[in-house]
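The values are calculated or read from the model by the stated rules, or taken from the named source; none is laboratory data. Because the structure is a prediction, the values reported are computed rather than measured. Cβ: placed from backbone, ideal geometry, glycine included. Neighbour counts: every protein chain shown.
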Amino acid sequence: METIFLLLISMVLTTTIFSQAGTLDTTFGNSGIVHYYEEDIGIDVIGVGWFNSLVEQPDGKILATGLQSDDGIFWFDLYHTLSMRFNANGSLDSSLSPAGFLQNCGPSEEEGKSIAIQPDGKILIV
């Protein structure tokens, strides 16, 4: 199974996948790395965030969940759950949603702590 590292800093998403031997999987993204900026994915805020949990699906797609802050600083006065699914090649998967991500923009402060896939294929985010 591949080792996957996801990092979301200042709404810059960098995703890197390593093969079994620990070498970079160059078929993922651009030479093994994917960057997504907030304007690339349609989030109209300046903020910071990160992923807390990720899981690889049997088809090679990668699900990730965490948080995205709207205030642009590390005080996190207002933050939301942000979940994304990537195709095996690193592109956003539009079958999750047209934009390739799900964002909870409710009035409460919520954060995706864990993500799992049930045997029937349903996605659980807590």
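Taking the numbered list (1) at pLDDT 80 or above; (2) touching a Ser or Thr at 6+ places or on another chain (Cβ under 9 Å); (3) not β-branched (Val, Ile, Thr) in turn, Gly60 passes all entries but (2). Restricted to region 82-126, the set of strands (runs of 3 or more DSSP E) holding at least 3 residues that are out of contact with any His (no Cβ under 6 Å at 6 or more places or on another chain) comprises 115-117, 123-125.
So that you can scan it fast, the table gives a plain yes or no per residue for (1) of a type outside the set (Val, Ile, Thr); (2) under 25 Å from Thr27 (Cβ atoms); (3) crowded, with 16+ Cβ neighbours inside 10 Å; (4) at pLDDT 80 or above:
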residue	(1), (2), (3), (4)
Ser53	yes, yes, yes, yes
Ala64	yes, yes, yes, yes
Met84	yes, yes, yes, yes
Ser91	yes, yes, no, yes
Pro119	yes, no, no, yes
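Of the residues making up region 93-104, those that are surrounded by 12 or more Cβ atoms within 10 Å (Cβ to Cβ) and farther than 16 Å from Pro58 by Cβ are Ser94, Ser97, Ala99, Gly100, Phe101, Leu102, Gln103, Asn104. Within region 58-81, residues that are over 30 Å from Gly121 (Cβ atoms) and part of a strand (DSSP E or B) reach partners that are among the aromatic types (Phe, Trp, Tyr) and at pLDDT below 90 with beta carbons closer than 7 Å, at six or more positions or on different chains, in the pairs Ser69/Phe76; Ser69/Tyr79.
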